[in-house]
1. Tell me which residues, restricted to the stretch 54-71, are in contact with a strand residue (DSSP E or B) (Cβ under 8 Å, 6 or more places away or on another chain), more than 17 Å from residue 334 (Cβ to Cβ) and part of a loop (DSSP other than H, G, I, E, B).
2. On the given criteria, is residue 39 among the hydrophobic types (A, V, I, L, M, F, W, C), under 15 Å from the mean Cα position of the chain (by Cα) and under 24 Å from residue 332 (Cβ atoms)?
3. Under the condition of being acidic (Asp, Glu) and assigned to a strand (DSSP E or B), which residue from the stretch 252-296 is surrounded by the fewest Cβ atoms within 10 Å (Cβ to Cβ)?
4. Identify, please: which residue in the stretch 235-249 is β-branched (Val, Ile, Thr) and part of a strand (DSSP E or B) and is, among those, nearest to residue 153 (Cα to Cα)?
5. Kindly check whether there is at least one residue in the stretch 198-217 that is more than 25 Å from residue 256 (Cβ to Cβ) and of a type in the set (D, E, K, R).
6. Determine which member of the set 345, 356 is touching a helix residue (DSSP H, G or I) at 6+ places or on another chain (Cβ under 8 Å), closer than 30 Å to residue 52 by Cβ and touching a residue at least 40 places away in the same chain (Cβ under 8 Å).
7. Pull out all pairs, ordered by first then second residue, where Cβ-Cβ is under 7 Å, the residues are six or more apart or on different chains, the first lies in the stretch 219-239 and is of a type in the set (D, E, K, R), and the second is modelled with pLDDT of 95 or more and not in a strand (DSSP E or B).
8. State whether one or more residues within the stretch 160-173 are at pLDDT 95 or above and in contact with a Pro (Cβ under 8 Å, 6 or more places away or on another chain).
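The values are calculated or read from the model by the stated rules, or taken from the named source; none is laboratory data. No experiment lies behind these values; they were computed from the predicted model shown. All Cβ positions, even for glycine, are placed from backbone atoms using ideal geometry, and neighbour counts span all protein chains on display.
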Amino acid sequence: MRALLATAGLFVLAGSAAAGAPTGYTLRKSASGPIVAIAQNNGIAAWFTSSTKTCNLVHILTPGKHDRTLPPTSAESMTCRWSLLDGQPQLAVASRMSTVLWTLHQTGSSSFDQVLAASLGGSERQLRQFSHGSGGTGRWLGGVAGAGRTLAYSWYDIEYVNPTKCLSTGLCKQKIADGGIQVVTRTADTPLPGALPALQLAASGDRIAYIPATTAHAGRASGGHNATLYVVDAGTGDAVGSVTVHGEPAAIALTSHVLAVLLDQGGPRERISWYTPSGSKRLGTVLVSEHATPQLAVSNQLIVYRVFSKLNGIPLHGGRIRTLAKTSADNTVGLSLANGRLLWAVNHGDTGRLRALGVG
């Protein structure tokens, strides 16, 4: 019933938006703990809640159905009692597989990123763990993405160029030594052929766009300036297209019509550019604040990004940047746009709210 009411509320909101400025509303509340990650695909929304009293859970909202949770609550679940204070969990959902992927992190003497997945009605699957040292060498998780029947995560390996020289002289230059993209189904987890070590991912339909990890310094990987971004077939790994950008890519987003990139230009302003989904033609570009959070949400009509407490929208077919909504500058988590619904989360202490806005 709650899902039906929420869906009806979205239609009412979309109607009111035509008459005036749209307003955000609370789609769900989390009384048991803060929301640490969100995702959505088609009509499905997912959010990951942290709890010190009960289990950490991934919640699923599907229109017309009761809310459901993953993974099954049990002592055998790695997710249930994990401390979510280390690192930023990531979350992705593939609606046509009814499968969710999420991450757990640990820092300290033993540091690693753990990737897990579960399908509705199924058990938790521990897919892969990436371990790394305090100096930054080792294997790291990159990003996660989901859309339709596509669900994937990326990784990269940082190593010393010359380990012996590093020990003897303290000159410890680093490099990207390995990495790739793993594609997840309801039963398997396989490498995507030909994929390079990768940072952030984006997915749309049967395509994946990604930022390659090309350089490493002080334990941090980056795509480098004037990077080349790739769009590939999620099943075969075959190249669909690529684009070389001017600046260091900080975020990427993909739809059936648009590939959008947030670029750090090393100056007082950053830039958001968007291209055809194969990257063959630039469709538009705007300068934005240097304080833009490294995250983009995109539809075929709108790009959304956040600067402090403002959620800003860029119309893709003309028009000025406008403020869509205001939120908490310090306690906002995530940004997702699908089917005309913009989602983000706001936390206050041990409670969280999943916020929504109809954007047409």
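1. Listed by number, the residues that qualify are 62, 67, 71.
2. The answer is yes for residue 39.
3. To start, the set of residues in the stretch 252-296 that are acidic (Asp, Glu) comprises 264, 270, 290.
With the extra rule that they be assigned to a strand (DSSP E or B), the set shrinks to 264, 270.
Working: 264: 19, 270: 24.
Residue satisfying both the conditions and the ranking: 264.
4. Within the stretch 235-249, the first condition is being β-branched (Val, Ile, Thr), and the residues that meet it are 236, 240, 243-245.
Filter once more, so that each one left must be part of a strand (DSSP E or B): 240, 243-244.
Values: 240: 19, 243: 21, 244: 22 Å.
The selected residue is 240.
5. Looking for residues that are more than 25 Å from residue 256 (Cβ to Cβ) and of a type in the set (D, E, K, R), one finds none in the stretch 198-217, hence no.
6. Step by step, each of 345, 356 is checked, and only 356 is touching a helix residue (DSSP H, G or I) at 6+ places or on another chain (Cβ under 8 Å), closer than 30 Å to residue 52 by Cβ and touching a residue at least 40 places away in the same chain (Cβ under 8 Å).
7. Matching pairs, first to second residue: 233/206.
8. Looking through the stretch 160-173, none of the residues is at pLDDT 95 or above and in contact with a Pro (Cβ under 8 Å, 6 or more places away or on another chain).
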